[in-house]
Amino acid sequence: MSGVAVIVPAAGAGARMGGVRKPFIELGGRAVLDWALTPFLVRDDVVELVVALGGGAAREQLAQADPRIRVVSGGTSRFESVANALDHLKSQAGVVAVHDGARPFPLPAVIDACIRLAAGGCGAVAGVPAIDTIKETAGDQIVGTPRRDAIWYAQTPQAFPRGVFEEAVAHCRGSGLSPTDDAAMVEEMGARVRMVPSSAINLKITTPEDLVVAEAYIAKGLVTFHV
């Protein structure tokens, strides 16, 4: 088994964006999803890329962009979208990478580091160290202050040996779990997962304020479209 299969959950309703589907918002003249997919598509080791979309999205246009892209139906949760995309993999890729369709600027070096770790048998998660103090609460009552130097903000891509990831998804299905983070599933199985230092540039488009930041990154030349 060789190569990388990429799963892209992109079926969210965009509730915090006023119902606008985030992957199809334009940034710098291109859709967020175009920005998100291209750093993977320029890699020769990516043998297929399965995008889980919600109803009404531009499926045919997306599938025609590259022969490696296929579009499947997303679920009512992120986990359902990822699991459904996994079910529809056709290649024998040994590594599965997951990347959020609303995260337009994955860094090529971070993608490479995550895939290399997964190819070596270890899960990998892109992330950045926490810079704010973190508080644990019960309601509005503060009950603890975790050590900041042990806290990271998880991003995507996240990459895993295929067998481990398939086992983790099957376990969650059998247990009725619906995790919002892919690595959490693999951690539950006791498999090794390492953090890969990333950057705040790899932001997720969630609110209108994030669009302002993303456009500023483009205007300042901090990100470029890979062709």
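Points worth noting:
- In straight-distance terms, cross-link reach from LYS220 covers every one of the aspartates and glutamates whose alpha-carbon lies under 16 Å from its own, apart from those fewer than eight places away in the same chain; here that gives ASP210.
- Taking 7 Å steps out from each Cα toward its Cβ at ALA154 and ASP87 produces label points 2.3 nm apart.
- The chain, helix-only ellipticity at 222 nm - DSSP H runs n ≥ 4, -39,500 (n - 2.57), divided by all residues, nearest 500: -9000 deg cm²/dmol
- Taking the DSSP bridge list for the chain and keeping only pairs wholly inside it, about 40 percent are antiparallel.
- Here the convex hull built on the C-alpha positions of segment 63-149 has a volume of 181 cubic angstrom per residue.
- Two-site label geometry, THR76 and HIS171: point separation in nm, points 7 Å out along Cα→Cβ: 2.6 nm
- Partners for LYS135 among aspartates and glutamates (Cα-Cα distance below 17 Å; same-chain residues under 8 apart left out): ASP149
- Of the listed residues THR156, THR76, THR207, THR145, the order by accessible area with a 1.4 Å probe, largest first, is THR76, THR145, THR207, THR156.
- For the pair SER178 and GLN64, label points projected 7 Å from Cα toward Cβ lie 3.5 nm apart.
- Förster-model FRET efficiency, 25 Å R0, SER2 and ALA109, C-beta, rounded to 0.05: 0.70
- Qualifying lysines (Cα of each under 17 Å from Cα of LYS204; at least 8 residues distant if same chain): LYS22
- Choice from ALA126, ALA97, ALA31 showing the highest fluctuation, given a GNM over the chain with Cα pairs closer than 10 Å: ALA31
- Heavy-atom accessible area for ASP87, with the other protein chains in place and a 1.4 Å probe, reaches approximately 90 Å².
- Three principal axis lengths of segment 140-227 [C-alpha, angstrom, descending]: 46, 45, 24
- Residues with amide H under 5 Å from that of VAL72, placed H, sequence gap 5 or more: VAL51, ALA52, LEU53
- The chain: most fluctuating residue of ILE151, ILE69, ILE25 per GNM, C-alpha cutoff 10 Å: ILE151
- Calculated from the structure at hand, volume of the Cα convex hull per residue in Å³ is found among (i) 140; (ii) 115; (iii) 125 as (i).
The values are calculated or read from the model by the stated rules, or taken from the named source; none is laboratory data. Keep in mind the model is a prediction, meaning the values are calculated, not measured. Methodologically, a virtual Cβ is constructed for each residue, glycine included, from the backbone with ideal geometry; neighbour enumeration extends over all protein chains shown. These area figures cover heavy atoms from the full protein model, side chains too; ligands, DNA and RNA do not enter into them. Shrake-Rupley method; radii C 1.70, N 1.55, O 1.52, S 1.80 Å.
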